[in-house]
Amino acid sequence: QQVLEIARRLSRGEILGIEEEGGCPRHREPLEDFCREDAALLCAICRESRSHRGHTVLPVPEAVREFQEQIQARLEALKERRDKLLELRDAEMRRNW
């Protein structure tokens with residue numbers, strides 16, 4: 001659930017208060033990295049700051065790819081659960097007939 005919310009926020013540009021013109025609202029630098037711990041997009045200056053220095057930071061395309069993989073894996077798991085539930089429902093309906 002948290003992965004989906006982060007993906008939604010990334011797509012809407014809400015993480016770290018991105019302004020309409022894009023870029024870091026603090027340093028006006030491009031947001032090229034993603035901090036896993038804070039779920040925040042970072043510019044190069046923010047990335048090197050004390051508040052993120054010890055965090056896991058990925059380039060945005062890599063973070064997006066990881067989120068896509070996580071979403072896809074969860075979607076597959078949900079599809080499998082749905083299929084099992086449909087099978088159980090069908091078996092129950094046949095048994096009741």
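Conditions (1) of a type in the set (A, V, I, L, M, F, W, C); (2) touching a His at 6+ places or on another chain (Cβ under 7 Å), marked per residue:
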{"site": "Ala39", "(1), (2)": "yes, no"}
{"site": "Ile45", "(1), (2)": "yes, yes"}
{"site": "Pro61", "(1), (2)": "no, no"}
{"site": "Val64", "(1), (2)": "yes, no"}
{"site": "Leu78", "(1), (2)": "yes, no"}
{"site": "Arg89", "(1), (2)": "no, no"}
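So which of Ala39, Ala73 ends up being under 24 Å from Ala7 (Cβ atoms) and open to solvent by less than 50 Å² (accessible area, probe 1.4 Å)?
Sole residue among the options that is under 24 Å from Ala7 (Cβ atoms) and open to solvent by less than 50 Å² (accessible area, probe 1.4 Å): Ala39.
Could you check Ala91 against (1) part of a helix (DSSP H, G or I); (2) within 21 Å of Ile6 (Cα to Cα); (3) open to solvent by less than 60 Å² (accessible area, probe 1.4 Å) and say which number it fails?
It is condition (2) that Ala91 fails.
In region 24-36, what residues are part of a loop (DSSP other than H, G, I, E, B) and within 23 Å of Glu5 (Cβ to Cβ)?
Cys24, Pro25, Leu31, Glu32, Arg36
Determine which single condition Glu14 fails, assuming it passes every other condition in (1) open to solvent by less than 40 Å² (accessible area, probe 1.4 Å); (2) acidic (Asp, Glu); (3) at pLDDT below 90.
If we test Glu14 against (1) open to solvent by less than 40 Å² (accessible area, probe 1.4 Å); (2) acidic (Asp, Glu); (3) at pLDDT below 90, just (1) comes out false.
The values are calculated or read from the model by the stated rules, or taken from the named source; none is laboratory data. Values in this document were obtained by computation on a predicted structure and should not be read as measured data. Using ideal geometry, Cβ is built from the backbone for each residue, glycine included, and neighbour counts are taken over all protein chains shown. Side chains are part of the model used for accessible areas, which takes the heavy atoms of the whole protein and leaves out ligands, DNA and RNA. Shrake-Rupley method; radii C 1.70, N 1.55, O 1.52, S 1.80 Å.
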